[in-house]
Each structure stands twice: as structure tokens, then as C-alpha cells.
């Protein structure tokens, strides 16, 4: 709704919701809160009909997830500095922050309930060390620069939901070695087309810019995911171990070369001054 519309009666939140949602007017309080690991901000007004319509959903999400996500509500009429800072033009408007960085790809305007619920799910995935892909370019960058395991899924997919807890567990265990990615085939079709995804859930593994076809599979078999993940980690460790060995050998050869020079193996005048050459 355009912020110039006429007022209606205020929506009165339940006391429990007031404890789950931070109602902020002060700019300093706002900047302190958005420095928390994950934040969602709703910009609203007492006279805004669509804001009232989505308020019960926002309150429900806050009650369910306030221990992991900071829920903030800003009244655009009483918090002008914050509203201007976030360049809010229409309400309801939702902004999202992760590790003090605004996630512009998630922000939206309007009272779309499913969109809000999905955005909250994406924030929760980030807390589980899973990168939800919204951009083809970001996807290509990640699979070409780091070890990655990719889960292709959809919100309507029962088997995808069934294996999701295990995927989160593995992400917590191995996130320091591997980037865990998630792609919704309905939201980023370009990625799904690039990987020629025909069925979900599908899991793909990348290392050194190469897709490891022997590890990829399509089903929700927990044992397969665990076994293939352990094989993937072993492959990464073997490659890292080889690189460290090669670096150590290179350093040793360099050290031996320096020592041989110290023993004057090549004569005293290894570097000949220009004056001697001219003579």
C-alpha cells in the first residue's frame, strides 16, 4: 500500500507477540538490532490494511523462530529516520539481514504470505550453513571456486523434506570444508536447466571445478547421502594432503638449493659485477 493512504483502526498485537517482536523507533536501537546474526524487519503503519492482513502471520513466525531470528517492526509514521534509511516507499515492506549484511534478493513489498514464509525458511537455512541459491551467477562462482554439494529441491516435494534434516546435520558437520547449496527448481530454473535436473531431490558434488558424477544421485536415501558425503570429504582431504606435501617438498628443495650456494658449489662470484664484465 502506498504510504499516503488514509488511516484505519490499529492492529493490537497479543502480549506474547510483543515479546517476540522488537517495536523500534530509535535509529541507534535499530542499527544495534540489525547487527544480530539474522534479522527480518517489517515496515508497517496503523492505517495500512495489507499490513494488518499479514500481521498474524508475522506474529506467528516470530513466536516460532524468535530464538534464532530477530524480528523487528517499524512504524513508518513514528520512525521516519529508519524508514528513510531503508528507502521504504510502500508498505508492508520486509527487509532481511544476515551477519549485518542486507539481503536485497530476499526483500519484498506486499502481503504475500507464502513469500514471507519462504524468506524466513531461507534465513533459517543460512543459520544451518546452507546457501540458498537465488542467482545463476552466484551458483557458477561457488561451484568453480570451492568444494560444493548441491541439493535440488522444491517446496512441494515430500522426499526433499524427508531428507532435509540429514542435509542440515551434514552441513553443520562439514561446513568448514564444503559449501552446502540448495536450489529450488521452481525459483531458479536457469540453474536446474544447466544441471539438467529431471527429478528431485537430486544431489550433485563439485570439486576443483569438476562435477563428480560417481557421487551424484537422485533419491532421498539417507545412507547414500552419508556414504557419498564421506567419500567426498575423503577426496577433498586427499587432494589437500597432496597439495601440502607438494608445497613441503618445494620448500625443502628451495632450502637445499640455498644451502648448496652457501657451500660455494657454484664458485664465489655467482653474481658478476658489471665492471668485471667490461674488463
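The values are calculated or read from the model by the stated rules, or taken from the named source; none is laboratory data. These figures come from a predicted structure and were not determined experimentally. Every residue, glycine as well, gets a Cβ built from its backbone with ideal geometry; the counts of neighbours run over all protein chains shown.
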Restricting to the stretch 188-224, give me the number of residues that are out of contact with any strand residue (DSSP E or B) (no Cβ under 9 Å at 6 or more places or on another chain), within 18 Å of residue 153 (Cβ to Cβ) and assigned to a loop (DSSP other than H, G, I, E, B).
4
Residue that is modelled with the lowest pLDDT, among those in the stretch 13-32 that are within 26 Å of the chain's Cα centre (by Cα), surrounded by 17 or more Cβ atoms within 10 Å (Cβ to Cβ) and not in a strand (DSSP E or B)
20
Out of (1) touching a residue at least 24 places away in the same chain (Cβ under 8 Å); (2) more than 26 Å from residue 237 (Cα to Cα), the one residue 168 does not meet is (2)
Hey, which of the helices (runs of 4 or more DSSP H) in the stretch 111-177, taking only ones fully inside, have at least 3 residues that are buried (at least 20 other Cβ atoms within 10 Å of the Cβ), in the same structural domain as residue 202 (by TED's automatic domain parsing) and modelled with pLDDT under 95?
none
